[in-house]
Amino acid sequence: MQENISVRAAVYRGDDGDRLAVETLRLAPPSHGEVRVRVRAAGVCGSDRHVIDGEWHVPLPAVMGHEAAGIVEAIGPGVRELAVGDHVIIAWHQACQRCAECAGGKPWACTRVRSNDSQLPDGTTRWSTETGDSAWPYLAVGAMSERIVVPDFAAIKCDPRVPFEIASLIGCSVGTGYGAVVNNAQVVAGESAVVIGAGGVGISIISALKLAGAFPIIAVDVNPEKLTEAAAAGASHTLLSGDDLPEQVASLTDGGADVAFEAIGRVQTMELLPALIRPGARAVFVGLPPEGQSLQLDGLQLAYDGKTIIGSNYGGLVPARDFPRIASAYLAGELELDGLISARASLDEVNEAFDAMRRGERTRTVITFDDATA
Ligand code: APR
Ligand code: ZN
């Protein structure tokens with residue numbers, strides 16, 4: 001019989017501004033169909049920042065983080081596909097696996113998903129505080145903790161040659177960017193592309209565009225350092241954001257790009273996207289704005305030009321199919337991901353990592369767990 005264990009985790013309570021506290025919580029053993037994973041790397045992602053800056057609301061207290069990779073260390077009853085010692089990447093969108101959308105290969109369209117509300121598929125949590133209250137793992141992952149319990153289908157086996165830091169990013173930013181290109185936009189070789197925002201997600205989009213054979217690949221950011229990183233990831237052209245962006249993109253693409261991606265989550269840049277693409281082309285919204293914000297788009301122009309707006313959540317990923325494909329492309333040297341990691345931090349340095357993100361200083365900080373702390 002497995003017992004509850006004590007686990008250190010970065011917890012958001014919402015009563016101390018945007019600060020997280022590293023606390024010791026209780027984690028129940030994996031239930032039927034679940035596994036416990038010893039986290040080895042957890043990415044610091046823009047979505048966590050949306051929550052701790054009060055832009056999105058989640059059940060509290062929340063164990064933050066949703067971008068993780070680690071090693072299976074315990075399995076619950078009924079787990080067949082995983083064994084102790086397996087390296088795994090965690091998927092944060094935990095679809096029901098049974099509805100028509102899931103069965104039809106569109107798990108991202110599942111309407112029964114509970115992970116968006118920080119709940120495991122059965123509607124519960126394995127986390128509790130020292131005083132016995134429930135705590136809720138953000139996106140049913142809670143990656144910024146030494147150990148997590150997730151459904152077995154959300155722990156995707158990964159080639160152990162992929163470093164944990166890279167594997168963790170495949171679970172969110174890299175998977176989101178790759179999926180936006182491959183699944184949502186279905187970019188083919190020779191298409192022209194523009195990406196606004198060259199952070200963790202934007203750079204991942206650029207790497208995937210390069211893999212898909214897009215050209216030109218135009219990266220846009222307000223920060224020149226991000227543009228240098230975008231070029232290293234595969235952007236053929238880089239532009240500082242400015243009023244004449246539509247004209248600049250049009251001149252590089254003979255009248256407008258075949259596909260444009262917004263990877264910031266700003267309403268103003270989302271509204272700009274249709275002006276960057278040619279008639280018949282597609283605009284993909286990858287960045288996620290604060291709750292309740294609306295867009296103003298020129299409806300006549302959109303219809304007249306036959307432009308397509310595509311909403312992309314988690315890159316339309318099918319994790320069990322796409323994570324291994326991304327890992328293989330990385331191991332083959334076809335998908336440049338190493339440049340994404342600009343800093344490493346310990347769990348205790350989590351607040352500084354978010355501060356650096358707010359200052360726009362880093363592409364990705366990855367929290368790593370050494371043997372002394374885990
Ligand atoms: N114009 C161009 N670039 C901008 C602008 C702007 N007005 N404002 C910010 N940026 C750039 C930043 O300089 C940074 O490089 O956008 C990038 C945002 O990157 P990150 O902060 O690293 O965020 P990321 O983790 O990539 O997430 C982006 O995608 O999945 C969503 O929730 C996520 O909404 C978030 C978005
Ligand atoms: Zn994320």
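Would segment 236-256 turn up any residue that is in a strand (DSSP E or B), within 14 Å of ligand 1 (Cβ to nearest atom), closer than 30 Å to residue 68 by Cβ and not basic (Lys, Arg)?
Looking for residues that are in a strand (DSSP E or B), within 14 Å of ligand 1 (Cβ to nearest atom), closer than 30 Å to residue 68 by Cβ and not basic (Lys, Arg), one finds none in segment 236-256, hence no.
Before we move on, is residue 78 modelled with pLDDT of 95 or more and more than 16 Å from ligand 1 (Cβ to nearest atom)?
yes
Any idea how many residues of segment 328-374 are free of Cβ contacts under 8 Å to residues at least 24 places away in the same chain and part of a helix (DSSP H, G or I)?
So the count comes out to 4.
Filter segment 298-324 for residues that are out of contact with any strand residue (DSSP E or B) (no Cβ under 8 Å at 6 or more places or on another chain) and surrounded by 15 or more Cβ atoms within 10 Å (Cβ to Cβ) and give the result.
Scanning segment 298-324 gives 313, 314, 315, 316, 317, 318, 322.
Please go through segment 272-296 and give me each residue that is surrounded by 15 or more Cβ atoms within 10 Å (Cβ to Cβ) and farther than 17 Å from residue 56 by Cβ, ordered by number.
Passing the criteria: 272, 273, 274, 275, 276, 277, 278, 281, 282, 283, 284.
Every residue in segment 7-49 that is part of a strand (DSSP E or B), within 16 Å of residue 62 (Cα to Cα) and within 16 Å of ligand 2 (Cβ to nearest atom), please.
Passing the criteria: 10, 12, 42.
Mind checking which residues of segment 16-39 are more than 18 Å from residue 130 (Cα to Cα), surrounded by fewer than 21 Cβ atoms within 10 Å (Cβ to Cβ) and either within 16 Å of ligand 1 (Cβ to nearest atom) or among the charged types (D, E, K, R) (or both)?
Selection gives 16, 18, 19, 38.
With 347, 331, 317, 340 as the choices, which residue is under 12 Å from residue 175 (Cα atoms) and of a type in the set (A, V, I, L, M, F, W, C)?
The unique qualifying residue is 317.
For segment 357-374, what are the residues that are away from ligand 2 (no atom under 15 Å from the Cβ) and within 18 Å of the chain's Cα centre (by Cα)?
358, 360, 368, listed by residue number.
Looking only at residues in segment 187-229 that are in a loop (DSSP other than H, G, I, E, B) and within 14 Å of ligand 1 (Cβ to nearest atom), which one is modelled with the lowest pLDDT?
Within segment 187-229, the match that is modelled with the lowest pLDDT is 199.
Given the criteria crowded, with 22+ Cβ neighbours inside 10 Å and over 21 Å from the mean Cα position of the chain (by Cα), does residue 220 qualify?
Considered against the rule, which asks whether it is crowded, with 22+ Cβ neighbours inside 10 Å and over 21 Å from the mean Cα position of the chain (by Cα), residue 220 comes out as no.
The values are calculated or read from the model by the stated rules, or taken from the named source; none is laboratory data. What you are looking at is a predicted structure, and each value in this text was computed from that prediction instead of being measured. Cβ sites come from the backbone with ideal geometry, for glycine too, and all protein chains shown count toward neighbours.
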